[in-house]
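The values are calculated or read from the model by the stated rules, or taken from the named source; none is laboratory data. Bear in mind that the values here come from a model prediction, so they are computed numbers and not experimental data. Here Cβ is always computed from backbone atoms with ideal geometry, including for glycine, and neighbour counts include all displayed protein chains. Quick note on the areas: whole protein, heavy atoms, side chains included, nothing else; ligands and nucleic acids left out. Shrake-Rupley method; radii C 1.70, N 1.55, O 1.52, S 1.80 Å.
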Amino acid sequence: MSMFIRRNLMAAAFAAGMTAATPAAQAQSDGTAWADIRASLFGDAALVEDGLVAIEAPYRAEDAAIVPVTIRTALSEDDPRTVARLTLVIDENPAPVAATFILGPAAGVTAIATRVRVNAYTPVHVVAELSDGSLHMAETFVKASGGCAAPMAKDAELALANLGKMKMRWFGGDAAGAADDPGHATAQLMIRHPNNSGLQMDQLTRFYIPAHFVSNVTIRQGEALVLQMEGGISISEDPNFRIEFRSSGAPLTVEASDTEGNEFGQTFPVEGS
């Protein structure tokens, strides 16, 4: 069992009240799901709200199954620290930890956008762990419900036929950069996958569709890590990730795997290189 799944199960247990709280945790809890999730993931470590990380999402979502979320980081250029890890938490979802992103130390990732399922009106948190071990937090609130149980938007057979197919899009700016003067690029990775949550019902058989989702995605530029994601049931059908990062001009190599052991991979040249 991966560390991500263990942490998600721990957070879910705390949120559901299935795990007895220690006296220290009880003292810190304010009765919200976040208080218990925070304790299960970060213990009693300080979470600073200082603007070094921000999160954007619609206050009232149009579709609870595909809610856009953007995480931004704002370290100054003279700050020697880097962002090592981002943890995205949807407090009221059955598995609260939607995704953990590990960032390459030289990748210069400043923004990650994706789409998530939201099961009930909920706070949404992001916690950034910096290279010095400090933790920085931001929060927003989303009004949406039923996203984790919403039926698939596409035909199941068609979805399986296209399982794992990938596409990369580039957006504006100096996407290619140069080896001696890297420029910032914005790229969007799209993966065809039903990302079944395990809470959706087959409308014909009335049985629940087993969970089947993309659990890991690794993006490298040359040999250097750009981003590694460990995801859960909260990432929407046909996962996509839009990333702002520092480009060396080398091709991007993507490797992904899902919970049934399927592995997918593809290499994409940087547009303009």
Share of pairwise Cα separations in region 88-227, more than 28 Å, in percent: 33 percent
A 1.4 Å probe over the protein heavy atoms gives region 38-127 a carbon and sulfur accessible-area percentage of 50 percent
Determine, at each q value in 0.14 (inverse angstroms), the log₁₀ of I(q)/I(0) that the Debye formula gives when each Cα of region 31-77 is one equal point scatterer. -0.57
At 1.4 Å probe radius, can you tell me the per residue accessible area of region 127-273 in Å²? 47 Å²
With every protein chain present, what is the per residue accessible area of region 35-78 (1.4 Å probe, Å²)? 56 Å²
Using alpha carbon centers only, region 193-234 is separated from region 104-135 by a whole-angstrom value of 18 Å
Positive-end residue of 97, 80, 107, charge dipole of region 76-117 with Cβ unit charges: 97
Cα pair count fraction exceeding 17 Å, expressed as % - region 89-165: 60 percent
Length gain on complete extension for the stretch residue 216 to residue 121, per 0.36 nm per residue less the alpha carbon to alpha carbon distance? 31.5 nm
Per-pair calculated FRET efficiency, R0 = 41 Å: residue 156 and residue 44 via Cβ, rounded to 0.05: 0.35
How big is region 44-141 by the Kirkwood estimate over distinct Cα pairs, in Å? 13.9 Å
Two-decimal ratio, region 213-273, of alpha-carbon radius of gyration to 2.2 N^0.38 Å: 1.17
What does the net charge come to around residue 255 if you take all other residues with beta carbon closer than 9 Å to its beta carbon, with K and R at +1 and D and E at -1? 0
